[in-house]
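J.: Sharing a structure here in structure tokens format.
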Amino acid sequence: MEKGNLRCEANVSVRRVGEEKFGTKVELKNLNSVRFMQRAIEFEIERQIALIESGGRVSQETRLWDERAGQTRVMRSKEEAHDYRYFPEPDLQPLTVTAEWVEQVRSLMPELPDARRGRFIEQYGLSFSDASLIVRDKALADFYERAAAASNPRGAANWLKGELLRELDAAGRPADASPVSPEELGALVRAVEEGRISGKQGKDVLLEMFRSEKGAEQVIGEQGLAQVSDAGEIEKIVTDVLASNPQQLAAYRSGKEALFGFFVGQVLKASKGKANPKIVNELLKEKLKAE
């Protein structure tokens, strides 16, 4: 099971209501998944019941599950029980499972992946594929929930499944051994969504966080990456850029609107890449329209 493989051989027999002894046993061979095992057992129970109720007789045999046909089929017949070489297992005592015990176990079980995926889709607005990726591992799902609580759930999912998982996989580390904590990933997501750093800068910040185990704000401060979002300060830079490029300004206003990118680049260059691009675009559009 540690390799993700399963091989099961199930013995199925039925009895009429009120009878104490089970009927003839049939062995289902080489079932290699829980789903196949369930479907094969259910089919074989129904097959034996139908055979007995129609007046037939269940043969002692080994059968295989045919997934394509959705039924069991005969592999080989065995006339006597000794053909199976059965013997009692001395270390296994009889086990009686009560409904109360089942409910007790169920109450102690953690939230299972299917249920958690459904909750992530409903509660956090994740897509089926994103939720499936995150709940594939309990530690990863726990990490995500803490990051989502510290930021925007959608943004936390995007950064987790993209940038952070890439680094974790490359380092061979599970989510619960990440040098970037869920809360710090949330802080990075907030910094990007608030416009204090760009998405590209955010990727660089995350790499440094992963390498140094420092927090998002500490890395942003140390690298001087915080964006300028003060409209008044950016407006001064925009005014200076337009004044320094009269020929390009005249050409833009005469119809060469492709020069808009040139002005954006000049403003970002003058601000050493720190001016908030959204505010830069808004102010440039406003200034370039003015005569």
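J.: Considering only residues of the stretch 180-209 that are at pLDDT 95 or above and in a loop (DSSP other than H, G, I, E, B), which is surrounded by the fewest Cβ atoms within 10 Å (Cβ to Cβ)?
T.: So the residue we want is SER181.
J.: Mind checking whether some residue in the stretch 99-110 is farther than 17 Å from GLU27 by Cβ, assigned to a loop (DSSP other than H, G, I, E, B) and at pLDDT 85 or above? Spell out the reasoning first.
T.: In the first step, residues of the stretch 99-110 are kept if they are farther than 17 Å from GLU27 by Cβ; the result is 99-110.
Narrowing further to those that are assigned to a loop (DSSP other than H, G, I, E, B): 109-110.
Then keep just the ones that are at pLDDT 85 or above; that gives 109-110.
Checking the stretch 99-110: at least one residue is farther than 17 Å from GLU27 by Cβ, assigned to a loop (DSSP other than H, G, I, E, B) and at pLDDT 85 or above.
J.: Looking at the stretch 1-42 only, could you name the residues that are of a type in the set (S, T, N, Q) and either surrounded by 12 or more Cβ atoms within 10 Å (Cβ to Cβ) or modelled with pLDDT of 90 or more (or both)? Steps first, answer last, please.
T.: Initial filter on the stretch 1-42 (of a type in the set (S, T, N, Q)): 5, 11, 13, 24, 30, 32-33, 38.
Result: ASN11, SER13, THR24, ASN30, ASN32, SER33, GLN38.
J.: Can you name the number of the only condition in (1) hydroxyl-bearing (Ser, Thr, Tyr); (2) without any contact (Cβ under 8 Å) to a residue 24 or more places away in the chain; (3) within 26 Å of GLY273 (Cβ to Cβ) that SER198 fails?
T.: Failed condition: (2).
J.: Moving on. For the stretch 7-44, name all the residues that are within 17 Å of ARG57 (Cα to Cα) and among the small types (Gly, Ala, Ser).
T.: SER13, GLY23
J.: I've got another one for you. Quick one: how many residues across the stretch 124-169 are within 13 Å of the chain's Cα centre (by Cα), in a helix (DSSP H, G or I) and of a type in the set (Asp, Glu)?
T.: 3
J.: Anything in the stretch 230-252 that is of a type in the set (Gly, Ala, Ser) and either surrounded by fewer than 15 Cβ atoms within 10 Å (Cβ to Cβ) or not assigned by TED's automatic domain parsing to the domain that holds LYS278 (or both)? List them, or say none. Spell out how you get there, then give the answer.
T.: First pass over the stretch 230-252, keeping only residues of a type in the set (Gly, Ala, Ser): 231-232, 243-244, 250-251.
Result: ALA231, GLY232, ALA243, SER244, ALA250.
J.: Looking at (1) farther than 22 Å from SER129 by Cβ; (2) surrounded by fewer than 20 Cβ atoms within 10 Å (Cβ to Cβ); (3) out of contact with any Pro (no Cβ under 6 Å at 6 or more places or on another chain), which one does ALA216 not meet, given that it meets all the others?
T.: Going through (1) farther than 22 Å from SER129 by Cβ; (2) surrounded by fewer than 20 Cβ atoms within 10 Å (Cβ to Cβ); (3) out of contact with any Pro (no Cβ under 6 Å at 6 or more places or on another chain) one by one, ALA216 breaks only (2).
J.: Still on this model: State which residue pairs qualify: first residue within 12 Å of ASN158 (Cβ to Cβ) and inside the stretch 120-136, second residue part of a loop (DSSP other than H, G, I, E, B) in any location, beta carbons under 9 Å apart, and separation of 6 or more residues or different chains.
T.: Once the first residue is within 12 Å of ASN158 (Cβ to Cβ) and sits in the stretch 120-136, its partners that are part of a loop (DSSP other than H, G, I, E, B) give ILE134/LEU126.
J.: How many residues does the stretch 147-157 hold that are surrounded by fewer than 17 Cβ atoms within 10 Å (Cβ to Cβ) and under 20 Å from LEU207 (Cα atoms)? Talk me through it step by step, then tell me what you get.
T.: Keep residues of the stretch 147-157 that are surrounded by fewer than 17 Cβ atoms within 10 Å (Cβ to Cβ), which gives 149, 154.
Cutting the leftovers down to under 20 Å from LEU207 (Cα atoms) gives us none.
Matching residues across the stretch 147-157 total 0.
J.: Tell me yes or no: at least one residue of the stretch 216-233 is out of contact with any Cys (no Cβ under 6 Å at 6 or more places or on another chain) and farther than 26 Å from SER151 by Cα.
T.: Let us first name the residues in the stretch 216-233 that are out of contact with any Cys (no Cβ under 6 Å at 6 or more places or on another chain), namely 216-233.
With the extra rule that they be farther than 26 Å from SER151 by Cα, the set shrinks to 232-233.
Yes, because at least one residue in the stretch 216-233 is out of contact with any Cys (no Cβ under 6 Å at 6 or more places or on another chain) and farther than 26 Å from SER151 by Cα.
J.: Quick one: would you say VAL135 is assigned by TED's automatic domain parsing to the domain that holds LEU188, β-branched (Val, Ile, Thr) and farther than 25 Å from GLU194 by Cα?
T.: Numbers: assigned by TED's automatic domain parsing to the domain that holds LEU188: yes; β-branched (Val, Ile, Thr): yes; farther than 25 Å from GLU194 by Cα: yes.
In short, yes.
J.: While we're here: Of the numbered conditions (1) in contact with a Ser or Thr (Cβ under 6 Å, 6 or more places away or on another chain); (2) without any contact (Cβ under 8 Å) to a residue 12 or more places away in the chain, ARG166 satisfies every one except a single condition; which is it?
T.: Condition (1) is where ARG166 drops out.
J.: Suppose we keep only residues that are assigned to a loop (DSSP other than H, G, I, E, B) and touching a helix residue (DSSP H, G or I) at 6+ places or on another chain (Cβ under 7 Å) within the stretch 40-68. Which one would you say is farthest from GLU19 (Cα to Cα)?
T.: For the stretch 40-68, the residue satisfying everything is GLU67.
J.: OK, next. Just one of the numbered conditions (1) in contact (Cβ under 8 Å) with a residue 12 or more places away in the chain; (2) out of contact with any Phe, Trp or Tyr (no Cβ under 9 Å at 6 or more places or on another chain); (3) more than 16 Å from LYS203 (Cα to Cα); (4) not aliphatic (A, V, I, L, M) is not true of ASP176; which one?
T.: Against the list (1) in contact (Cβ under 8 Å) with a residue 12 or more places away in the chain; (2) out of contact with any Phe, Trp or Tyr (no Cβ under 9 Å at 6 or more places or on another chain); (3) more than 16 Å from LYS203 (Cα to Cα); (4) not aliphatic (A, V, I, L, M), ASP176 comes up short only on (2).
The values are calculated or read from the model by the stated rules, or taken from the named source; none is laboratory data. Keep in mind the model is a prediction, meaning the values are calculated, not measured. Please note: Cβ atoms are built from the backbone with ideal geometry, for glycine as well, and neighbour counts cover all protein chains shown.
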